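A quick write-up on the structure given underneath.
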Amino acid sequence: MTTIDETTQVLNEMEQAGIDLNVAHDVVFFQLFEKKEQAQQMMDYLAEELPEVSGELLADEIPNVWDVNVTVNMLPSYQNIVDQEKLFEQIAGQFNGYNDGWGIEA
């Protein structure tokens, strides 16, 4: 039995929904933090180190949780998604946050 990871499953569902994965899309990667200051530190880091991406700091619907949503215009291939998630996981980890998935703005 073959197990399909979450990224493969989401990409398959997008393709079935008619999203063309052979063109660039705005892909949003979600990072979560317990403190607004930590989220802001990631925003500052992104502005300085990765000016080609855009970040947005928002209060989560869960109390005392802060979101940094990072948008990257990219080809949503499996490898590109996995590589970006790994990068943002490392960056968020520097500020006591973690990656919480991704999505495409349709």
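Remind me, relative contact order of region 45-106 in percent, using alpha carbon pairs under 8 angstrom and six or more residues apart?
Numbers: 43 pairs, mean separation 11.7, N = 62.
That works out to 19 percent.
Taking a sphere under 13 Å around the Cβ of HIS25 and counting the other residues whose Cβ falls inside, with K and R at +1 and D and E at -1, yields a net charge of -4.
In percent, what relative contact order does the chain have, based on Cα pairs under 8 Å that are 6 or more apart in sequence?
On the way: 167 pairs, mean separation 40.5, N = 106.
Relative contact order comes out at 38 percent.
Across region 38-52, coupling constants 3J(HN,Hα) worked out from phi with the 6.51/-1.76/1.60 Karplus curve, θ = phi - 60°, read 5, 4, 5, 4, 5, 4, 4, 4, 4, 4, 7, 9, 9, x, 6 Hz, and Gly and Pro carry x. Only loop residues by DSSP count here, and only those with at most 12 other Cβ atoms within 10 Å; note down the trypsin sites (Lys or Arg not before Pro) in region 2-103 that meet that. Within region 2-103, no trypsin sites (Lys or Arg not before Pro) qualify (loop, at most 12 other Cβ atoms within 10 Å).
With all protein chains kept in place, the per residue accessible area of the chain amounts to 63 square angstrom at a probe of 1.4 angstrom. For the chain, the calculated P(r) over all alpha carbon pairs, in 10 Å bins from 0 to the bin holding the longest distance, is 15, 45, 30, 10, 1 percent.
Could you tell me what percent of the accessible area of the chain is made up of carbon and sulfur, with a 1.4 Å probe and every protein chain present? For the chain, the apolar C and S fraction of the accessible surface comes to 47 percent. Close amide H partners of HIS25, meaning residues 5 or more places away or on another chain with modelled amide H under 5 Å apart, are MET74, LEU75. Helix content alone sets the calculated 222 nm mean residue ellipticity of the chain: runs of n ≥ 4 DSSP H residues at -39500 (n - 2.57) each, divided across all residues, give -13000 deg cm²/dmol.
Here the Karplus curve 6.51 cos²θ - 1.76 cosθ + 1.60, taken at θ = phi - 60°, turns the phi angles of region 15-30 into couplings of 4, 5, 7, x, 7, 7, 8, 9, 10, 5, 9, 7, 9, 10, 10, 9 Hz, with x standing for Gly and Pro.
The H on the amide N of VAL65, modeled in the peptide plane, is under 5 Å from the matching H of ASP60, each at least 5 residues off or on a different chain. Comparing ALA92, ALA47, ALA17 in a Gaussian network model of the chain, where Cα atoms under 10 Å apart are tied by springs, the biggest mean-square fluctuation is seen for ALA17.
The values are calculated or read from the model by the stated rules, or taken from the named source; none is laboratory data. Everything numeric here is computed off the predicted structure, so don't read it as measured data. Every residue, glycine among them, receives a Cβ derived from its backbone with ideal geometry; neighbour counts consider all protein chains shown. The accessibility values were calculated without ligands, DNA or RNA, using every heavy atom of the protein model including side chains. Shrake-Rupley method; radii C 1.70, N 1.55, O 1.52, S 1.80 Å.
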